[in-house]
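Below is one structure, written out as structure tokens, with a few remarks after it.
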Amino acid sequence: QLLFLILKYPEIIYHSHEELESCTLVKYLFDLCNSASRAFKTLSVKNCDCNVTASQRLLLFNTTRKVLKHSLEILGLKVLNEM
């Protein structure tokens, strides 16, 4: 589900721009965060048996982080690198 949401990102950006509605992007971000949270709980990277699987999962989470960062910058929010 997380991967499908990431693939919908260009479409969401397009619709948000065409309708001039930021709520479209905000709703997408809520869905993306919920899906990322569920995936993070179930898909372990550290204790994974296969290096290929671990690297693919890490790539998925890194891509999610980049999509979130880009979306928040579009909304005008400053993104923290660390907490």
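The values are calculated or read from the model by the stated rules, or taken from the named source; none is laboratory data. Just so it is clear, the structure is predicted and the values come from calculations on it, not from any experiment. No Cβ is skipped: glycine too gets one built from the backbone with ideal geometry, and neighbour counts run over all protein chains shown. The protein model used for the area step is the full one, side chains on, heavy atoms only, and it has no ligands, DNA or RNA in it. Shrake-Rupley method; radii C 1.70, N 1.55, O 1.52, S 1.80 Å.
Rounded to the nearest whole Å², what accessible area per residue is found for the range 5-83 with the 1.4 Å probe?
On a per-residue basis, 77 Å².
Which percent of Cα-Cα pairs in the range 1-63 sits in each 5 Å bin, short to long?
It works out to 3, 17, 23, 19, 14, 10, 7, 4, 2, 0, in whole percents.
Calculate for the chain the 222 nm mean residue ellipticity that helices alone would give, adding -39,500 (n - 2.57) per DSSP H run of length 4 or more and normalising by residue count, nearest 500 deg cm²/dmol.
Helix-only estimate at 222 nm: -24500 deg cm²/dmol.
Farthest toward the dipole's positive end in the chain, which of LEU59, PHE4, HIS15, given Cβ charges of +1 (Lys, Arg) and -1 (Asp, Glu) about the Cα centre?
Positive-most Cα among the choices belongs to LEU59.
Suppose R0 equals 25 Å; then what is the FRET efficiency for LYS41 and HIS15 from their Cβ-Cβ distance, rounded to the nearest 0.05?
0.25
Which of the lysines could a cross-linker span from LYS69 if the Cα-Cα distance has to be under 23 Å and same-chain partners fewer than 8 positions apart are dropped?
Cross-link targets: LYS8, LYS27, LYS41, LYS78.
Would you work out the charge dipole size for the chain about its Cα centre, treating the Cβ of every Lys and Arg as +1 and the Cβ of every Asp and Glu as -1, and quote it to the nearest 20 debye?
420 debye
Membrane-span-like helices in the chain: DSSP H runs reaching 27 Å or more (Cα, own axis), mean Kyte hydropathy at least 0.0? Write out the running numbers ahead of the final one.
Numbers: long enough: 22-42 (30 Å, 0.26); 51-74 (34 Å, -0.05).
Passing helices, by number: 22-42.
What is the percent carbon and sulfur in the accessible area of the chain, measuring with a 1.4 Å probe over the protein chains and ignoring ligands?
Solvent-exposed carbon and sulfur of the chain make up 60 percent of the total.
For the chain, modelled as a GNM with alpha-carbon contacts under 10 angstrom, which of THR42, THR63, THR24 fluctuates the most?
THR42
For a quick check, take a GNM of the chain with Cα springs below 10 Å and name the residue from LYS46, LYS69, LYS27 with the largest mean-square fluctuation.
Of LYS46, LYS69, LYS27, the Gaussian network model singles out LYS46 as fluctuating most.
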